Amino acid sequence: MTAAQYKALLASRQAGKGAPAAAPKKKPATKKPAADPGPPSVPEPPALEPLLAGLSGVGRTWSILMPYAEKMLDSNQRLHWRPEHAIRQQLRTDAVQMARVHRLPRLERAAIFYVLHPRSIRRSRDPGNWAPTAKAYVDGLVTPNPHQPRERHLLPDDDHEHLLGPFPAMGAPVSTGYARMTLVITELITPA
């Protein structure tokens with residue numbers, strides 16, 4: 001109610017004109033289109049020393065910035081199974097392609113950290129919410145493709161004997177674009 005409407009209401013009550021005037025009808029809320037976040041940016045690589053400090057038997061380490069994805073999965077989403085499956089398939093494909101590009105060798109045991117690079121919005125972040133995205137990436141690195149039986153994968157399986165993690169960590173925010181993720185893959189050497 002504006003100041004002029006309030007004054008008119010008071011004047012009508014003082015003059016004894018009866019019931020107050022009805023409030024003006026509100027316009028229906030229209031959903032604003034999402035603002036374009038701009039082109040994707042490349043965040044600073046994560047610091048590896050704090051991530052690897054608690055591991056024993058550390059061998060080689062790879063830090064892989066995953067391809068830019070406008071859609072990632074998080075724990076708070078409630079998607080229909082079909083679009084969720086499409087996003088998961090794309091994330092798995094991205095992981096397989098990045099393993100080929102970086103020529104990752106086959107490992108017996110590994111620890112995987114996923115480092116979230118959030119958009120630069122001032123609010124608290126929980127990197128654990130992006131576990132479904134990390135799980136899809138790990139599945140792409142581990143699960144054999146039945147259509148390409150000769151394709152080598154990072155680990156024989158993603159069970160507790162072969163894989164530690166994936167563990168969440170926060171990284172430097174991106175300056176433009178949507179959030180991104182870096183996978184830090186560390187070979188674990190078992191003592192002989």
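The values are calculated or read from the model by the stated rules, or taken from the named source; none is laboratory data. Keep in mind the model is a prediction, meaning the values are calculated, not measured. Ideal geometry is used to build each Cβ from the backbone, glycine not excepted, and the neighbour counts take in all protein chains shown. Accessible surface areas use protein heavy atoms only, side chains included; no ligands, DNA or RNA. Shrake-Rupley method; radii C 1.70, N 1.55, O 1.52, S 1.80 Å.
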Check your understanding: What is the number of the single condition among (1) modelled with pLDDT of 85 or more; (2) over 21 Å from Asn129 (Cβ atoms); (3) within 18 Å of the chain's Cα centre (by Cα) that Val42 does not meet?
Key -> (1)
Check your understanding: Thr176 is checked against (1) crowded, with 16+ Cβ neighbours inside 10 Å; (2) not in a strand (DSSP E or B) and fails just one. What number does that condition carry?
Key -> (1)
Review point. Which of the residues that make up the stretch 113-125 are open to solvent by 30 Å² or more (accessible area, probe 1.4 Å) and not in a strand (DSSP E or B)?
Key: Ser120, Ile121, Arg122, Arg123, Ser124, Arg125
Check your understanding: When the stretch 37-78 is examined, which residues are found to be free of Cβ contacts under 8 Å to residues at least 60 places away in the same chain, more than 20 Å from Ile185 (Cα to Cα) and open to solvent by 70 Å² or more (accessible area, probe 1.4 Å)?
Key -> Lys71, Asn76, Arg78
Exercise for review: List every residue pair whose Cβ atoms sit under 9 Å apart, with the two residues 6 or more apart in sequence or on different chains, where the first one lies in the stretch 1-13 and is without any contact (Cβ under 8 Å) to a residue 40 or more places away in the chain and the second, anywhere, is part of a helix (DSSP H, G or I).
Suggested key: Met1/Leu9
Study note, to complete from the structure: Scanning the stretch 101-112 for residues that are open to solvent by 20 Å² or more (accessible area, probe 1.4 Å) and of a type outside the set (Asp, Glu) gives Val101, His102, Arg103, Leu104, Pro105, Arg106, Arg109
Review point. If we scan the stretch 15-32, do we find a residue that is modelled with pLDDT of 85 or more, exposed (fewer than 12 other Cβ atoms within 10 Å of the Cβ) and farther than 25 Å from Pro127 by Cα?
Key: no
Check your understanding: What residue, among those in the stretch 52-91 that are in a helix (DSSP H, G or I) and aliphatic (A, V, I, L, M), is farthest from Tyr114 (Cα to Cα)?
Key -> Ala86
Review point. What is the number of the single condition among (1) among the basic types (Lys, Arg); (2) closer than 27 Å to Glu49 by Cβ; (3) touching a Leu at 6+ places or on another chain (Cβ under 7 Å) that Arg88 does not meet?
Key: (2)
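For (1) at pLDDT 90 or above; (2) closer than 21 Å to Pro173 by Cβ, each residue gets a yes or a no:
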{"site": "Arg60", "(1), (2)": "yes, no"}
{"site": "Pro67", "(1), (2)": "no, yes"}
{"site": "Ile112", "(1), (2)": "yes, no"}
{"site": "Leu116", "(1), (2)": "yes, yes"}
{"site": "Gly128", "(1), (2)": "no, yes"}
Exercise for review: Could you check, for the stretch 126-133, whether at least one of its residues is touching a strand residue (DSSP E or B) at 6+ places or on another chain (Cβ under 6 Å), open to solvent by 20 Å² or more (accessible area, probe 1.4 Å) and assigned to a strand (DSSP E or B)?
Suggested key: no
